[in-house]
Amino acid sequence: MRTRTRLSRHISEAPRIAIGCGALLFATLATGLTACSGGGGSSLTGSPYDATEQLSFGAAGDPDLPLKITATDPGTRITDVVATDAAGRPVPGELTADGRAWRSTSLLAAESRYTVRVATEDDSGDPGRGTHTFRTGRSDAERLAVSLGPEAGTYGVGQPITAELSKPVSGQRERALVEGSLVVRSTPAVEGAWHWVDDRTLHYRPREYWPAGASITVHAELAGVALGDGLRGSDAGPLELATGDRIEAVADISTHHMTVYQNGEELRTVPITTGKEGFATRNGKKVILAREEYVRMNGTSIGIPAGSAESYDLDVYWAARLTWSGEYVHGAPWSVGSQGVDNVSHGCTGLSTENAEWFFNLVKPGDIVEHVNGFGEDMAPFGNGFGDWNLSWEEWLAGSALAGATDDTGDGTQRQQNDRGTDRENDGDAPDAGGADASGEQLTTPLTSRLKPRI
């Protein structure tokens, strides 16, 4: 079978499958799609006779059955098949060794238009061609819904994109189909990839931070795509996002100071205090999750017994949340004497009220705060906020079902290719305990259910 493909800019290039002579041939972007024909080597070029009446296309309109093409004339042999959807994406399949039949190796999308071109050869070696165009019908299969995040708006350059699935997807082929249908377009263009956090959650991030002032569009092209076990996909989006200035804060736990940068230029260095022994602030890069002008921080929310030596119950202002378990950067007027000198918090990064208000008014969700030179545990990549940037690019790609080359047309589209060939239609420093998130909740759980402020 010979397949054709239309190249577009993708996050990564999935293996494509081209099948002929009864064997599976795997090809990558670097080599292009490989095809072969049985016997005499007839092709779709030249001046073939019309062989349409010598072919059967079976139940071509049923999306719940494989596409099957059969030579009905005893003297006719199929030598080549090109089946594509309306967008030109190929349908993978295999040709029997005797050339009498061809069968798709994946189901077609529901309610989609397809064109099939078949090259044949008769007993005399003369080439023929048959063409069949059809539209698949509806499918009663259960639908996989995709929820894209975050909400539309402007974010910092560290903001990951999320895709939450309504059903778990664990098979490698099915994951490749889902991932390959999630399209990210950015201006200016970036190199990026999706990473499977678990069977229902994917995150997308660029290799480096997003450019400042970028425009980003995300959508899912899964409508009708067969995903196995009676499950078919659904579309989602488009989601429109943008990035603002590049704001980064580097908090040095050992020197008790935090330096804030805007678009690469240093704005201010301020004294801080972070988590003390037993409540150490996590090392690593953290994405600001939310801005909370006022937070009531109570030690019991993170397991500190009321009335104990570490107990606290405080009104906290100008708080930028870093983890779901309660780490914040916030105003801590009670610890001003220790800021720049010692670490006395329960895991949060404490600033004077003036500095905290200045920082609060500068930052937005998606901006980066990095803690360095600490003595606590490392920030986890997932599960307690967005620690995605603590993975190297190689580690990030290892979580992709389609890790490979990027197909670049220069239009800023990040779209992962696949072989589906189908389409449709309180860390809060109110004494912060600095421990791991005990909630175990997914990243898309509503914010109000995750508040565990520390100080």
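The values are calculated or read from the model by the stated rules, or taken from the named source; none is laboratory data. Bear in mind that the values here come from a model prediction, so they are computed numbers and not experimental data. Ideal geometry is used to build each Cβ from the backbone, glycine not excepted, and the neighbour counts take in all protein chains shown. Protein only, heavy atoms only, side chains kept; ligands, DNA and RNA dropped before computing areas. Shrake-Rupley method; radii C 1.70, N 1.55, O 1.52, S 1.80 Å.
Worth a mention:
- Criterion applied to Asp98, Asp50, Asp64 was being open to solvent by 60 Å² or more (accessible area, probe 1.4 Å), at pLDDT below 95 and under 16 Å from Thr133 (Cβ atoms), and the one residue passing it is Asp50.
- Scanning the range 314-342 for residues that are open to solvent by 30 Å² or more (accessible area, probe 1.4 Å) and within 25 Å of Asn384 (Cβ to Cβ) gives Leu314, Asp315, Tyr317, Trp318.
- Yes/no for Tyr294 being in contact with a Gly (Cβ under 6 Å, 6 or more places away or on another chain) and either open to solvent by 10 Å² or more (accessible area, probe 1.4 Å) or not acidic (Asp, Glu) (or both): no
- Look at (1) crowded, with 19+ Cβ neighbours inside 10 Å; (2) within 27 Å of Tyr204 (Cα to Cα) and you find that Ala380 fails only one, number (1).
- One residue from Val225, Val183, Val218 being surrounded by 18 or more Cβ atoms within 10 Å (Cβ to Cβ), modelled with pLDDT of 95 or more, touching a Lys or Arg at 6+ places or on another chain (Cβ under 7 Å) and farther than 18 Å from Lys285 by Cβ: Val183
- Flag for Gly213 being open to solvent by 20 Å² or more (accessible area, probe 1.4 Å), more than 13 Å from the chain's Cα centre (by Cα) and modelled with pLDDT of 95 or more: yes
- Search result, residues across the range 132-180 that are assigned to a loop (DSSP other than H, G, I, E, B), of a type outside the set (A, V, I, L, M), open to solvent by less than 30 Å² (accessible area, probe 1.4 Å) and closer than 16 Å to Asp199 by Cα: Gly171
- Of the residues making up the range 190-200, at least one is among the small types (Gly, Ala, Ser) and surrounded by 16 or more Cβ atoms within 10 Å (Cβ to Cβ).
- Taken over the range 361-397, the criterion of being out of contact with any helix residue (DSSP H, G or I) (no Cβ under 9 Å at 6 or more places or on another chain) and closer than 12 Å to Ala249 by Cβ is satisfied by Leu362, Val363, Asp367, Val369, His371, Val372.
- Elements of type strands (runs of 3 or more DSSP E) in the range 215-299, at least 2 residues being in contact with a Phe, Trp or Tyr (Cβ under 8 Å, 6 or more places away or on another chain) and of a type in the set (Lys, Arg): 284-287
- Residue count for the range 107-131, restricted to those that are open to solvent by less than 50 Å² (accessible area, probe 1.4 Å) and part of a strand (DSSP E or B): 10
- So Ala236, is it modelled with pLDDT of 95 or more and not polar (S, T, N, Q): no
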